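As structure tokens, the structure follows; a few thoughts come after it.
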Amino acid sequence: VSSAHASEISSVLVNLEKDIEDCSVEIARLQAQIRSQNTKRDFLHHVKQWGQSILAPVRRLPNEILHEIFAYCMLDDTFTVAKDFGMSRQPAWVLSSICSKWRKIALPCKPLWSNICLDF
């Protein structure tokens, strides 16, 4: 390779190195933007779910009606014979962990807590 060509190739290589670095910087910037957009999307998804739960018709039921529903659930053999359920999947624990309102209703609901299956 002649010295003129070698000089030209060296110049192209320097430019290529600069272009590679520019691409790396742009990729890093775009990855940061993607992470930011993913975080924003996840937050908006949670806000949407929260908004939908606020508007759910079950929230308009009086506490007394929910109490009766909880007690009625335990009259059904499907729930009382819950040997397949672990303790955390028993209806009493599930219903009392939905939200603070349901917990406040479920805790004093005697039928709900009197049919817990303890499988040792």
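The values are calculated or read from the model by the stated rules, or taken from the named source; none is laboratory data. Everything numeric here is computed off the predicted structure, so don't read it as measured data. Note: areas computed on protein heavy atoms with side chains; ligands, DNA, RNA excluded. Shrake-Rupley method; radii C 1.70, N 1.55, O 1.52, S 1.80 Å.
Computed over the chain, the per-residue total of -39500 (n - 2.57) for DSSP H runs of n ≥ 4 gives a 222 nm mean residue ellipticity of -22500 deg cm²/dmol, rounded to 500. Taking each residue as 0.36 nm, the span from SER97 to ARG59 lengthens on full extension beyond its C-alpha to C-alpha distance by 12.1 nm.
Axis of helix 3-54 versus longest Cα principal axis of the chain: the two differ by about 10°, to the nearest ten degrees.
Using a probe radius of 1.4 angstrom, the carbon and sulfur fraction of the accessible surface of the chain is 62%.
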